[in-house]
Ligand code: ACO
Ligand code: LMR
């Protein structure tokens, strides 16, 4: 045990072993309420954190970052002002980590929270701490508190409880007990019957605590700010006889109120083991009754039962005749925890994002309300699932199949097309999958693959406005706009695009209506008279057939929905989704081939730069 009677001050800082977010927040809330200058948590040790980092937590209404380290050495070296280690490690690692802390000069106090630390190890810890002139509190403890100054972990419970028990301001009573739960009760009793707690320690319920009742009482005796001592003993062990001795020998002169709990044990037949490992009377001397009697005999104030513990504390305090003015320290409002309030339905906030297609708040994601397990168990076709996520509709069979055919048809068209080419060039420049595929996707546009939506728009409008195919072509020519979905670089009337042939065949066999396709084919007849390659291309065919699909679905799609699907460019997504499959393939292909950086051959470029003289340079 450290010789210094003052273990903690308003400046004490701790390092927390293991990331205990709740305990840390409670310590910081306490600090904030006590108007401490600096948070009492200096750092956190998380042995599992690969690279350290920071823990984000609240300081009042603001958020602050507390550094995380992987080990004690690093943390203590960086935070030399932290002289307390609050060790939340498991009962297995509590011993080695606490021993390590006792060897580090900057630590004066080590608090061990874990229950179940083997007795032999607990004894070694206590002995080593003595040797090092350091203090161990615990094992199996909730910790302790310097009222208005420093709080260990979860001591005192919630911040509301702490304020209700006046623990945010300093009083004159030094308290020690074995039990953490009982100490919370005692803090409340002390608050009601005195000018408040000065400091309270729960030494923990094990048979071999790192520091003992008498050691803490002697600290309080030495501390001029402590005017009276209050103690809660426990059945089992002979620790309380040390208090008897100290009072008898005059080592303790301040008034002591003490109650040894567990008097009920004598009413029971046989040996009784209470919750704590050390709470059983091995001999008559260890019974609560015997200990209370011995304490009383030397002048310790011992109540008749726990019921008049508060009364005895009050009487003893009043006899001190302290000139204390009970000043009510103003407490800064403690912001409520949003999560907690939300759980209690006491708070609402407007959301920033609306999502109407997927819900992941439950046990499994819902696709347009349908549990994902249903999607899998029913072996739902991909086309139907796309219907759920894109349109929030259960598409009829022919429509779902159509979407799947489109995805298969557009999956790839060789390395020479714009998108695949860019993917290949990017892959060969050493970029990753995402970058290479993104560069391919970014190529999709009104001339390449991204004419699906445009085709639906152009042909849809022409039909809606009652234009004949010829009027439509003339109208577009007059506007100087190429009809989206018409024309191809290599496909022509004499070299037809198989994809278009297949789509037309499927639609004729499966679609209830093909009005838009038929119209587009009439347009094609005319454009082909101008040039052989002005065919209805794959983008155009997909686009007009989607208009037929929507029309064939009766009132499944409202007029507004049809407009939006075209307007927002959703139909280009069909090509984009399909072609991504091929682009990923090209990326892997180039990597497998270990292809080197691509450089376009210079003899494939016509160089035609200006003459500098024409620009006004005199060379
Ligand atoms: N509508 C009307 N006239 C057209 C169209 C069209 N869609 N496409 C080409 N023409 C005309 C041009 O006006 C030009 O006429 P001119 O000789 O009187 O000046 C002539 O055909 C040649 O035009 P180019 O642009 O040189 O034709 P190219 O074969 O290079 O273009 C392309 C092919 C880019 C596909 C073009 O036809 C086009 O822009 N089409 C519309 C966009 C489209 O559907 N793209 C998707 C293609 S399929 C795919 O990428 C998967
Ligand atoms: C494709 O699907 O990528 C092609 O139709 C485009 C092309 O230029 O051949």
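The values are calculated or read from the model by the stated rules, or taken from the named source; none is laboratory data. Remember, it's a predicted structure, so these values are computed and weren't measured experimentally. Glycine gets a Cβ as well: all are built from the backbone with ideal geometry, and neighbour counts include every protein chain shown.
Overview of results
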read-out: Scope region 528-574; condition within 16 Å of ligand 1 (Cβ to nearest atom), under 41 Å from the mean Cα position of the chain (by Cα) and either assigned to a helix (DSSP H, G or I) or farther than 26 Å from residue 413 by Cα (or both); matching residues; value: 566, 572, 573, 574
read-out: Any chance residue 101 is out of contact with any helix residue (DSSP H, G or I) (no Cβ under 8 Å at 6 or more places or on another chain) and under 25 Å from residue 202 (Cβ atoms); value: no
read-out: Filter result (in contact (Cβ under 8 Å) with a residue 24 or more places away in the chain, more than 16 Å from ligand 2 (Cβ to nearest atom) and under 16 Å from residue 542 (Cβ atoms)) within region 392-408; value: 395, 398, 399, 401, 402, 403
read-out: Filtered residues of region 458-469 (kept if surrounded by 12 or more Cβ atoms within 10 Å (Cβ to Cβ), part of a helix (DSSP H, G or I) and either free of Cβ contacts under 8 Å to residues at least 24 places away in the same chain or over 58 Å from the mean Cα position of the chain (by Cα) (or both)); value: 461, 469
read-out: Failed criterion for residue 106 (all others in (1) surrounded by 19 or more Cβ atoms within 10 Å (Cβ to Cβ); (2) in contact with a helix residue (DSSP H, G or I) (Cβ under 6 Å, 6 or more places away or on another chain) hold); value: (1)
read-out: Subset of region 409-426 that is near ligand 2 (Cβ under 10 Å from one of its atoms) and assigned to a loop (DSSP other than H, G, I, E, B) - its residue that is farthest from the chain's Cα centre (by Cα); value: 416
read-out: Residues within region 438-457 that are assigned to a helix (DSSP H, G or I) and either within 16 Å of ligand 2 (Cβ to nearest atom) or in contact with a strand residue (DSSP E or B) (Cβ under 8 Å, 6 or more places away or on another chain) (or both), tallied; value: 7
read-out: Residue check for residue 443: in contact with a helix residue (DSSP H, G or I) (Cβ under 8 Å, 6 or more places away or on another chain), within 14 Å of ligand 1 (Cβ to nearest atom) and outside the structural domain of residue 584 (by TED's automatic domain parsing); value: no
read-out: For residue 475: the one exception among (1) touching a residue at least 12 places away in the same chain (Cβ under 8 Å); (2) within 16 Å of ligand 2 (Cβ to nearest atom); (3) surrounded by fewer than 18 Cβ atoms within 10 Å (Cβ to Cβ); value: (2)
read-out: Residue count for region 484-526, restricted to those that are surrounded by fewer than 19 Cβ atoms within 10 Å (Cβ to Cβ), in a helix (DSSP H, G or I) and either within 12 Å of ligand 1 (Cβ to nearest atom) or outside the structural domain of residue 573 (by TED's automatic domain parsing) (or both); value: 1
read-out: Matching residues, region 87-103, being surrounded by fewer than 18 Cβ atoms within 10 Å (Cβ to Cβ) and not in a helix (DSSP H, G or I); value: 90, 91, 92, 93, 103
read-out: Residue list for region 131-149, restricted to those being buried (at least 16 other Cβ atoms within 10 Å of the Cβ) and not in a loop (DSSP other than H, G, I, E, B); value: 135, 136, 137, 144, 145, 146
